[in-house]
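So the structure is just underneath, and the comments pick up after that.
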């Protein structure tokens, strides 16, 4: 009998307007925190993708630099860099310009348009 009274007491308490308003406010606050958590998670995911792209670009750059280091470790590589950056040539070297064959294009004649025919006829 006592358990039944306790049950009805809680039921009456939860069915009251102030308790319902309080539960709705708690539900709204919990929903808001879930939404904020989801938004933060999305921002973190976007940042993670951006950082992964940046990491792949940096790895490619590292590989390029490593090949440059290997190339500059040889005399030929050092000489090539000096020639490229400073425009230096050895004594006795000459420049040879290789020019491809020049082709001339002839304009193809097309049939005159209707507007051209009208302007020709009016002249």
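The values are calculated or read from the model by the stated rules, or taken from the named source; none is laboratory data. It should be emphasised that the depicted structure is a prediction, and the values quoted were computed from it without experimental measurement. Note: ideal-geometry Cβ built from the backbone for every residue, glycine included; neighbour counts use all protein chains shown.
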Taking only pairs six or more apart or across chains, which ones have beta-carbon atoms under 6 Å, a first residue in the stretch 52-74 that is modelled with pLDDT of 95 or more, and a second residue that is surrounded by 10 or more Cβ atoms within 10 Å (Cβ to Cβ)?
none
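For every residue, the table says whether it meets (1) under 27 Å from the mean Cα position of the chain (by Cα); (2) surrounded by 10 or more Cβ atoms within 10 Å (Cβ to Cβ).
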residue	(1), (2)
16	no, yes
22	no, yes
47	yes, yes
50	yes, yes
63	yes, yes
70	no, yes
82	no, yes
97	no, no
Determine which member of the set 117, 59, 90 is outside any helix (DSSP H, G or I) and out of contact with any helix residue (DSSP H, G or I) (no Cβ under 7 Å at 6 or more places or on another chain).
90
